[in-house]
Every structure is written in structure tokens, then in C-alpha cells.
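Everything on this sheet refers to the single structure shown next.
The values are calculated or read from the model by the stated rules, or taken from the named source; none is laboratory data. Everything numeric in this text was worked out from a predicted model, so none of it was measured. Positions of Cβ are backbone-derived with ideal geometry, glycine not excepted, and every protein chain shown enters the neighbour counts. Areas reflect the complete protein model, heavy atoms only, side chains present, ligands, DNA and RNA absent. Shrake-Rupley method; radii C 1.70, N 1.55, O 1.52, S 1.80 Å.
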Amino acid sequence: MYTVGDLLKHLKQTTLYSISPEDKLSDALTYMKEKGIGAVSVMSGDELVGILTERDVLWKCDFKVDYSQVKVAEIMTPAAEIITVNPAVDLEECFNLMDVHRIRHLPVVSDGKQVGMISIRDLVRAIVDQQIYISSQLESYITGRS
């Protein structure tokens, strides 16, 4: 069983990106673009108070709005609505959560603190790699190769 904790250990990018709920949306979008990320944690001190995703911007903002006049808190998904996982959760369970809730990012929380964020891309890569490994092991077993 491959877990979220295992995945976090193997990800190349382990930095937890965050912004403040008081930040302007224009600054948050610039930050996300610079970092090449589709979602960012919204933190107040050490507390996860929300998440801002590309979808939040597309679905909740009028295209004519001045992003420099909108605070992140106005369009973020608040903590009460965020689906989170802990490092012990199986990757297939994460995949199912993302599918059922139609989300692309899962904050990883351990002992009340966010320790990472995984994306659907991270999960797909890990699950495919796991299946390739299992397939090669089965092929070796069947053919008698070590």
C-alpha cells in the first residue's frame, strides 16, 4: 500500500506554498504563476484557513473585475469546505476523494498542521508508477527472471 506520506517523500517539490487571506487576488495569481502551481494554501499564521485554486478564480470572479481590488478571502474555498487527508491515507482513497468531490488538490494535514499538498497529477503519476512496478514484478515471476 502506497500512502500520501510515501508520495510526499518522493515528490521533487516539497515546498508548501501559501498566501494570506488579506492578499490581493492579483498578487496571489502572480505568485501562483511564478511558482507554476494551480492551487495555493491560504494561511493565517500556521492555520490553514482556505485554499485558492484556478477554478475558484474562474468560477467565482467576474471577468471584468479588477483583481487588485479583490482580497483572496473573498473567493477562496474556506477551510470548512476543504477536503484534507493525512499522510497515512492510501493513494487510491485520495484518487476516489478527488473524483467524488471533483477537486484537483488535496492539502495534507498531520497533527493539525498542513505538511503538504498533492495534486491529481501527483496521484496519477504515482499510481501509474506503482502499476508498472507491479506488472514488471509479475512478469519476472512468471518468466522466472529475477
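Restricting region 50-75 to residues that are open to solvent by 30 Å² or more (accessible area, probe 1.4 Å) and under 19 Å from the mean Cα position of the chain (by Cα), which is nearest to residue 19 (Cα to Cα)?
73
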Checklist line | In region 107-117, the residues that are within 12 Å of residue 38 (Cβ to Cβ) and either open to solvent by less than 40 Å² (accessible area, probe 1.4 Å) or of a type in the set (Ser, Thr, Tyr) (or both) | finding: none
Check: Checking residue 125 against (1) out of contact with any Phe, Trp or Tyr (no Cβ under 9 Å at 6 or more places or on another chain); (2) crowded, with 16+ Cβ neighbours inside 10 Å; (3) not in a strand (DSSP E or B), which single condition isn't satisfied?
Finding: (2)
Next item on the list: Name every residue in region 81-106 that is within 19 Å of residue 54 (Cα to Cα), of a type outside the set (A, V, I, L, M, F, W, C) and open to solvent by less than 50 Å² (accessible area, probe 1.4 Å), in order of residue number.
Entry: 105
Note to self: Being aliphatic (A, V, I, L, M), out of contact with any Asp or Glu (no Cβ under 7 Å at 6 or more places or on another chain) and touching a residue at least 40 places away in the same chain (Cβ under 8 Å) narrows it down to one residue among 52, 8, 29; which is it?
What the structure shows: 8
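Looking at region 50-70 only, could you name the residues that are among the small types (Gly, Ala, Ser) and not in a helix (DSSP H, G or I)?
Taking region 50-70 and keeping what is among the small types (Gly, Ala, Ser), we get 50, 68.
Once the filter is applied, which keeps residues that are among the small types (Gly, Ala, Ser) and not in a helix (DSSP H, G or I), region 50-70 yields only 50.
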Next item on the list: Please name all residue pairs, on different chains or six or more residues apart, with Cβ atoms under 6 Å, provided the first residue is in region 90-109 and is under 10 Å from residue 123 (Cα atoms) and the second residue is at pLDDT below 95 and assigned to a loop (DSSP other than H, G, I, E, B).
Entry: 91/2
Margin query: For region 1-49: of the residues being assigned to a helix (DSSP H, G or I) and in contact with a Phe, Trp or Tyr (Cβ under 7 Å, 6 or more places away or on another chain), which is surrounded by the most Cβ atoms within 10 Å (Cβ to Cβ)?
Written below: 25
Next item on the list: Filter region 76-105 down to residues that are in a strand (DSSP E or B) and within 10 Å of residue 4 (Cα to Cα) and give me whichever is farthest from the chain's Cα centre (by Cα).
Entry: 90
Checklist line | Of the criteria (1) over 23 Å from residue 30 (Cβ atoms); (2) part of a helix (DSSP H, G or I); (3) modelled with pLDDT of 95 or more; (4) among the hydrophobic types (A, V, I, L, M, F, W, C), which one residue 73 fails | finding: (1)
